[in-house]
Amino acid sequence: MFKKEAREVTAKEAETIIGPSVKVKGNFQGEGNIIIEGTVEGNVKTSQNLLVGNKAKITANVEAGEAKIGGEIMGNIKVKGYLELAATAKILGDIEAAQVSIERGAIFNGKCSMPGGSSVAVESKN
């Protein structure tokens with residue numbers, strides 16, 4: 001759904017919406033599009049698209065098919081396809097994604113790996 005230029009999931013397309021005043025504790029798993037505007041303390045997983053709003057806070061690991069992050073995530077992120085970090089994003093954890101876009105102003109403190117990319121072999125000459 002997001003592909004090279006991410007477009008936001010609309011409320012009409014979302015299977016689940018966690019509103020700004022909602023706080024969820026525990027693991028959250030779905031198969032459809034998810035919009036998070038509130039607070040989640042637990043793992044979030046979907047095979048589809050995930051949109052994390054600018055004021056949203058997630059404390060745990062996140063997995064999605066594709067994702068656009070505008071809020072704060074304290075945990076690791078694993079995305080099969082395209083991951084976009086908006087300027088308001090604050091990520092404290094590792095990222096694994098096929099493609100990544102990070103806007104100026106985003107905060108990312110962790111490691112980033114892009115599986116499926118070309119590997120480089122290094123030879124040591126003694």
Applying the selection to the range 32-47, what residues are in contact with a Phe, Trp or Tyr (Cβ under 9 Å, 6 or more places away or on another chain), outside any strand (DSSP E or B) and not small (G, A, S)?
-> N43
Does the range 48-85 hold any residues that are part of a loop (DSSP other than H, G, I, E, B) and touching a strand residue (DSSP E or B) at 6+ places or on another chain (Cβ under 8 Å), and which are they?
-> Q48, G53, A56, A60, N61, G65, G70, G71, G75, N76
Report, by residue number, each residue of the range 66-84 that is in contact with a Ser or Thr (Cβ under 7 Å, 6 or more places away or on another chain) and farther than 17 Å from N33 by Cβ.
-> M74, G75
Looking at the range 57-78, which of its residues are buried (at least 24 other Cβ atoms within 10 Å of the Cβ) and among the aliphatic types (A, V, I, L, M)?
-> I58, V62, A64, A67, I69, I73, I77
Looking at the range 95-109, which of its residues are loosely packed, with under 14 Cβ neighbours inside 10 Å and under 16 Å from N76 (Cα atoms)?
-> I107, N109
How many residues are under 14 Å from M114 (Cα atoms) and basic (K, R) when one looks only at the range 55-96?
-> 2
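Taken together, the values in this text are just the output of simple stated rules run on the coordinates, not laboratory data. Note that the coordinates shown come from a computational prediction; the quantities given were computed from them, not determined experimentally. Note: ideal-geometry Cβ built from the backbone for every residue, glycine included; neighbour counts use all protein chains shown.
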